[in-house]
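Data block below; observations after.
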Amino acid sequence: MIRADRETCSILIVENIDDLRAGLATELNALGHSVTVAGERNEALAIGDQTEFDLLVSDLVNGEPAAGCEAVRSFKMSVTSSQPRRAVTELHEIIEKTLAFKLQRVDTSPPTAVREKIDLELPSDLTLMNSVLEYLLDRVDKLGLVKVEQSNLFVALDEAFVNAVKHGNRNDPGKLLRVTAELSAREAIFTVEDEGEGFDVHEIPDPTDPANLFKSSGRGVLLIYNIMDEVEYSRGGAKLRMVKRPQS
């Protein structure tokens, strides 16, 4: 049953596969939201101002492999309205439903040669990040890239999300968090970017120093460095790039 006091969100779905486009629209309509669909980008652009929508979902599955080449899957979900913070609770429900739909209807079997590009732009809310984290770990696991349970990848990504939301965007849902992932058989590249002022990673207290034994700051960054194969901060510390490769 749909709550009478719920806030309705406006969603745009851009997908060229008819049954997937209609299936997700049905799922989100059932939540009580307004859904507009388009079969391709030009059709979506013809609809009008994209900021009239609260959320854009595109390319649930996109790309066909040429002979001997990788298939490329691109998936994007982003907040597009000028007031994306007005319905974080409703967005959580939509995002969770969309990611679940994709896992159940699109990502149903481990592909043999696929490169995935995932691009998410969401309000800074850790409850939203939980669903994102579960989705990313599932994709890494399905691709057989990294043994998730043995890699501590969950810990590294969780620390990156928490640092970006709490310390970067100061728990302000009015600021967006951009999470991207590029997954292939060779490596997993994750980027987490907040809208905060950044920081100097070299000024973080060394958590291994006995003088900082009871200080919590710096432990998350240290964990990320220890778990990932490559770690790079840019844009004054507001953008974090992490690379994880299969164990040799």
Virtual spin-label span in nm between Val148 and Ser34, 7 Å along Cα→Cβ: 3.6
In whole Hz, with x marking every Gly and Pro, tabulate ³J(HN,Hα) for segment 89-100 from phi via Karplus 6.51 cos²θ - 1.76 cosθ + 1.60, θ = phi - 60°. 4, 5, 4, 4, 5, 5, 4, 4, 5, 5, 5, 5
Peptides ranked, highest mean first, by Cβ atoms within 10 Å: ranges 30-39, 124-133: 124-133, 30-39
Phi-derived 3J(HN,Hα) across segment 25-33 with the Karplus relation (6.51, -1.76, 1.60, θ = phi - 60°), rounded Hz, x for Gly and Pro, is 4, 4, 4, 7, 4, 5, 7, x, 9
Going by how many other Cβ atoms sit within 10 Å of their own, how do Phe53, Phe199 line up, fewest first? Phe199, Phe53
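Please order Asp49, Asp138 by the number of other Cβ within 10 Å, starting at the fewest. Could the numbers behind the result be given before it?
Values: Asp49 8, Asp138 15.
The order, fewest Cβ neighbours first, is Asp49, Asp138.
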Just the Kirkwood number for segment 135-248, please: inverse of mean 1/r across all distinct Cα pairs, in Å, one decimal. 14.8
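Any chance you could run the full-extension gain for Leu45 through Thr127? It's 0.36 nm times the residue separation minus the Cα-Cα distance, nm to one decimal.
Details: separation 82, 0.36 × 82 = 29.52 nm, distance 3.11 nm.
Fully extending the segment from Leu45 to Thr127 adds 26.4 nm.
Bear in mind these aren't lab numbers, they're just calculated from the coordinates by the rules spelled out. Only a predicted model underlies this, so the values are computations on that prediction, with no experimental measurement involved. FYI the Cβ positions are ideal-geometry reconstructions off the backbone, even for glycines, and counts take in every protein chain you see.
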